[in-house]
Amino acid sequence: MNDPVSKQKKVGVACALGAYVLWGFVPIYYKAVAHIPVFELLAHRCVWSLLLTTILILIVGGWRESIKSLRSGGAVVGLLASTALVATNWTVFMWAIANDRVLEASLGYYINPLISILLGYVFLHERLRKLQILSVLLATGGVVVLTVAQGVPPWVALALACSFGTYGLLRKTSKMGSLVGLNLETLLLMLPALVYLASLAGRGTGHFGVVSRTTDLLLVFAGVATAVPLLLFTSAARRLRLSTVGFLQFLAPSIHFLLAVWLYGESFTAAHAFCFGTIWAALALYVVDAMRSKAK
């Protein structure tokens, strides 16, 4: 007989791997729509994601859960917070890709697992072992060195790491399912998104239905590019320890890193090398610690 807990963990790992591989290659998509202003693209992400998740809810059910969640004051507060965090994360990430800062976005998602570890320790009381503490300190040192070398903090990286790490915490502790949660988040964003798109259309400055059929299709695809990996992520977050979810995330920034350096030719300085090196060392320590703990 299969262990239900073990089965859930396997499903969680599969969902996490799927989410992070898709997120790893998503800069290619956002490069293709880099000519579209960030807030217009954000509005399309909200509208098409809402449409997709609504169709899925109609197919698999979930309206009762949606209505129940909206009637709960505590759930609404958490939903408002997660909506603000995911909208912030989307905006910063799209801006970074459009402005040739894929490398800094990569750094943010390398830092995020360590943010998740800290959040798990502070809010969920997940115990930290010595190697885990050392990994967090190593990564912090790398970010400090990069900040000193550049003269300013890597704000894109820090904003992405903190917003998505906190979003993961809220989604893990929420009682809402992943599909319903994303549907309600995009529902909250729908009205301002539609108002903004209508104002663009009224001024004749919007891109949908104006530039080309390819652009229209790319904008519609924003719903898929947004919803599918996020649904996989939230499904994984509910089945796995937050620290485990955070660790598996190294796949996405690794792909970002390769795209930034080898495909897009972004500058990779000695300070970047030191910062990334310390974070890779921190992740290696985390792997060693996890393997040792599992072997006991």
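None of the figures in this text is laboratory data; all of them are computed from the coordinates on show. Small disclaimer: the values here were computed from a predicted structure and weren't measured. Please note: Cβ atoms are built from the backbone with ideal geometry, for glycine as well, and neighbour counts cover all protein chains shown.
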| field | Burial ordering of THR278, THR234, THR147, fewest other beta-carbon atoms within 10 Å first | value | THR147, THR278, THR234
| query | Between PHE274 and GLN8, 0.36 nm times their residue separation minus their Cα-Cα distance comes to what? | reply | 92.0 nm
| request: Using the Kyte-Doolittle scale, find the helices of the chain whose mean hydropathy is at least -1.0 and whose Cα atoms extend 15 Å or more along the helix's long axis, counting only whole DSSP H runs. | output: 4-32, 38-60, 73-98, 102-123, 130-150, 155-173, 178-203, 213-239, 270-295
| Anyone know which of TYR30, TYR196, TYR109 comes out most mobile in the 10 Å Cα GNM of the chain? | TYR196
| nm² value of the averaged projected area, convex hull over the Cα atoms of the stretch 87-237 | 11.2
| remark: Taking R0 as 30 Å and r as the Cβ-Cβ distance between ALA281 and VAL195, the FRET efficiency 1/(1 + (r/R0)^6), rounded to the nearest 0.05, comes to 0.05
| field | Kirkwood Rh (inverse of mean 1/r, distinct Cα pairs), the chain, angstrom | value | 20.0
| field | Cα-projected label distance for LEU128 with VAL210, points at 7 Å along beta-carbon direction, nm | value | 4.9
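Taking the beta-carbon count within 10 Å as an exposure proxy, list VAL13, VAL210, VAL180 from fewest neighbours to most.
In order of increasing Cβ crowding within 10 Å: VAL210, VAL13, VAL180.
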| task | Return the whole-Å distance between the Cα centroid of the stretch 218-232 and the Cα centroid of the stretch 142-175. | result | 23
| said: Take LEU58 and VAL21, extend 7 Å from each Cα along the Cα→Cβ direction, and tell me the distance between the two endpoints in nm. | reply: 3.1
| message | Considering only C-alpha atoms, what is the centroid distance from the stretch 41-116 to the stretch 247-288, in Å? | response | 24
| request: Please compute the net charge surrounding HIS256, taking Lys and Arg as +1 and Asp and Glu as -1 over other residues with Cβ under 14 Å from its Cβ. | output: -1
| query | When the chain is modelled as a GNM with alpha-carbon springs shorter than 10 Å, which of VAL47, VAL102, VAL11 fluctuates the most? | reply | VAL11
| query | For a paramagnetic label modelled at 7 Å from the Cα of LEU263 toward its Cβ, which residues of the stretch 86-103 fall within the zone defined by backbone nitrogen distances under 17 Å? | reply | 93-103
| message | Over the chain, with a Gaussian network built from C-alpha contacts below 10 Å, which listed residue (TRP23, TRP262, TRP95) shows the highest mean-square fluctuation? | response | TRP262
